[in-house]
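**Student:** Provided herewith is a single structure, encoded as structure tokens, for subsequent inquiry.
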Amino acid sequence: MGSTGPPKGCTSSISSIYYNLCDLTTVWGIVVEAVAAAGVVTSFVLFIILMASLPFVTDKKRKAMVALQAGILAFTLGLFGLTFAFIVGRYSTSCAARRFLFGVLFSGCLSSLMMHGLWLALLQRGRMPKCWMFCLGALALWMVEVIINTEWLITTVVRSPPGGDFAPDLSCSFTNLDFVMALIYVMVLLVAVVVMSVPVVIHKQKQWRQDGAFILVTGLLSLAIWVTWIVMYLYGNQVVGSPSWDDPTLAIALVSNAWVFLVFYSIPELHLLTKQDQDQEPLDDGDHVYPARSLVYDNILKEPETRPQNMYIENKAFSMDEPTVSIRPESPYGSYNGQMRSCVYQPTEIALMAKGLTRMDQDVILPRARTPTLNPGSVGSLPRSPVSLPS
């Protein structure tokens, strides 16, 4: 009776298909579960950071590849989630998810990587097609695997069993060789990623050589993981005599390859995307770190008489320290002409014309401000002075 009870770490309320998630005697399920959960959180955080940094990216070339990088993060998140389907026991839903999503999610990541490598190769030759063309190319490559897996799933599940009396979990009735053969297209994409990234490593620009190196390292590590799990899945477990390790082999391969996508591609690319603006700003301006501000002040120094109001616009502190620069008529200090108080006001002809006066009127008015002479003969002329004023 004790052998049929739940294992250590699990309760009787948990179904037997979920024992690998809590069984302390077989720790591989708990370890892979923890690593996959950390990968889900990391992928989601990186996706949010990528989307949040998109408005601040000024480099159009790197900004064009953000869509492919976001797609890789989304498919990597799906790979971490699919790992749980290999940890739990086999039943109709988990087996259908394994058969369909394994190749679909990997093909999404690899097709995006391949399009990124193709973009770098074309950029090296001076050609740069539109971003939407690469996105459509990645989508077309991904749809091929979707069609293949859909056809394989429908063909193997819908067909009638030869014996007539068959178990209800028909989707789980596939051999290891069938599972691997259904992933041939994904293997072709993996080899294409490695081959495409080789010429990019010798790119003439250093910043694009780094992108090529990231893609090449990611492809080589993914290729090594695939060779390892295929050998173990087809031959190793049977030779050792532990066919029950088929599911752990696939789960470990999934979580390992997903972390390779994050650590060796997504995180470095996100770092270059956010670092690019800081490196490019001083280079674009040449020797002048603040060219716009220096040009403003140079113009103010060269043209102090024609542009006094710009000093007030650029920095209002100057208008408080030096109020003499404000000579606009609409200013409340319009009556102040900017001269020293000790200077005598000398009316110009323009000022007199603005007041409705002429030069002749000025000649008549100005003598009235003079001190009368003591000549008796001039006394009689004083009463006649108002008569000379214009009516």
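The values are calculated or read from the model by the stated rules, or taken from the named source; none is laboratory data. Not measured: the values here are computed from a predicted model. For neighbour counting, all protein chains shown are included, and Cβ atoms are generated from backbone atoms with ideal geometry for every residue, glycine included. SASA here: full protein model, heavy atoms, side chains in, ligands and nucleic acids out. Shrake-Rupley method; radii C 1.70, N 1.55, O 1.52, S 1.80 Å.
**Student:** Return the total of residues in the range 228-248 being closer than 17 Å to residue 190 by Cβ and open to solvent by 80 Å² or more (accessible area, probe 1.4 Å).
**Tutor:** Looking only at that region, the number is 1.
**Student:** Scan (1) in a loop (DSSP other than H, G, I, E, B); (2) within 25 Å of residue 107 (Cα to Cα) for the single condition residue 32 breaks and write down its number.
**Tutor:** Exception for residue 32: condition (1).
**Student:** If you don't mind, there's one more thing I want to ask. If you go through the range 51-79, how many residues are closer than 19 Å to residue 117 by Cβ, open to solvent by less than 50 Å² (accessible area, probe 1.4 Å) and in a helix (DSSP H, G or I)?
**Tutor:** 10
**Student:** In the range 80-92, which residue that is of a type in the set (Val, Ile, Thr) and assigned to a helix (DSSP H, G or I) is farthest from residue 205 (Cα to Cα)?
**Tutor:** 87
**Student:** Take residue 86 and tell me if it is touching a residue at least 40 places away in the same chain (Cβ under 8 Å) and among the aromatic types (Phe, Trp, Tyr).
**Tutor:** It is true that residue 86 is touching a residue at least 40 places away in the same chain (Cβ under 8 Å) and among the aromatic types (Phe, Trp, Tyr).
**Student:** Restricting to the range 217-254, name every residue that is free of Cβ contacts under 8 Å to residues at least 12 places away in the same chain, among the small types (Gly, Ala, Ser) and under 25 Å from residue 265 (Cβ atoms).
**Tutor:** Within the range 217-254, 224 is the sole residue that qualifies.
**Student:** Do we have residue 14 as free of Cβ contacts under 8 Å to residues at least 24 places away in the same chain, hydrophobic (A, V, I, L, M, F, W, C) and in a loop (DSSP other than H, G, I, E, B) here?
**Tutor:** Spelling it out, residue 14 is indeed free of Cβ contacts under 8 Å to residues at least 24 places away in the same chain, hydrophobic (A, V, I, L, M, F, W, C) and in a loop (DSSP other than H, G, I, E, B).
**Student:** Would you check which residues across the range 4-40 are small (Gly, Ala, Ser), open to solvent by 50 Å² or more (accessible area, probe 1.4 Å) and within 25 Å of residue 257 (Cβ to Cβ) and list them?
**Tutor:** The answer is 34, and nothing else.
**Student:** Okay, next question. Would you check if residue 66 is more than 20 Å from residue 272 (Cβ to Cβ) and among the hydrophobic types (A, V, I, L, M, F, W, C)?
**Tutor:** Criteria not met by residue 66.
**Student:** Could you say whether any residue in the range 114-131 is in contact with a His (Cβ under 6 Å, 6 or more places away or on another chain), in contact (Cβ under 8 Å) with a residue 12 or more places away in the chain and not β-branched (Val, Ile, Thr)?
**Tutor:** yes
**Student:** Does the range 207-227 hold any residues that are at pLDDT below 85 and either surrounded by 22 or more Cβ atoms within 10 Å (Cβ to Cβ) or farther than 15 Å from residue 125 by Cα (or both), and which are they?
**Tutor:** 207
**Student:** Which one of 13, 92, 53 is polar (S, T, N, Q), out of contact with any Leu (no Cβ under 9 Å at 6 or more places or on another chain) and either modelled with pLDDT of 95 or more or farther than 17 Å from residue 249 by Cα (or both)?
**Tutor:** 13
**Student:** Can you tell me how many residues within the range 137-175 are at pLDDT 90 or above and not hydrophobic (A, V, I, L, M, F, W, C)?
**Tutor:** 5
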